[in-house]
Amino acid sequence: ARSFADIGDIVRGIDMFKPNVHDKVEKGLREVFKKIHDGMEGKVKNYYNPDEAGNYYKLREAWWNVNRNKVWEAITCGALPKSAYVLQSENNTQLPSYLKCGHNNKDDPPTNLDYVPQYLRWFEEWAEDL
């Protein structure tokens, strides 16, 4: 789920890993969202205008909200039927969650980390490695 939340941050343009001039992912995403914006008309196009730096943050957020289920499906479609996403409890037991790893689960995709700040997700992940 952390990786999925990280993908959401990248798509929405709020990833903490700052791009450099050679960042092909961010450049590609800007081009994609510019094309989407260019295909819009009227008030909708004006609502999703980019900021002064050419970022389409509103459009990127809206796209993620509409398409996040398809991204989750794309990530999990190759998972074996008995695969499961599990949560680690405080006493180190595994708690099954999102059984079948995205195969027809009504609760997909997981939203528990969507709006947790990325640095907090990183701290949790790093702490697990200790």
Inset, instruction - Go through (1) in a loop (DSSP other than H, G, I, E, B); (2) over 19 Å from the mean Cα position of the chain (by Cα); (3) at pLDDT below 80; (4) more than 21 Å from Phe123 (Cα to Cα) and name the single condition Lys106 misses. - result: (2)
Inset, instruction - Could you list, in sequence order, all residues of region 37-73 that are aromatic (Phe, Trp, Tyr), assigned to a loop (DSSP other than H, G, I, E, B) and either touching a residue at least 24 places away in the same chain (Cβ under 8 Å) or loosely packed, with under 15 Cβ neighbours inside 10 Å (or both)? - result: Tyr56
Legend entry - Residue, modelled with the highest pLDDT, within region 8-24, restricted to residues that are farther than 13 Å from Arg60 by Cβ and not acidic (Asp, Glu): Lys24
Legend entry - Test for Met16: is it without any contact (Cβ under 8 Å) to a residue 12 or more places away in the chain, assigned to a loop (DSSP other than H, G, I, E, B) and either under 23 Å from Arg121 (Cβ atoms) or out of contact with any His (no Cβ under 7 Å at 6 or more places or on another chain) (or both): no
Legend entry - Whichever residue in region 26-66 is of a type in the set (Lys, Arg) and modelled with pLDDT under 95 and, among such residues, is farthest from Gly13 (Cα to Cα): Lys27
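The values are calculated or read from the model by the stated rules, or taken from the named source; none is laboratory data. Because the structure is a prediction, the values reported are computed rather than measured. Methodologically, a virtual Cβ is constructed for each residue, glycine included, from the backbone with ideal geometry; neighbour enumeration extends over all protein chains shown.
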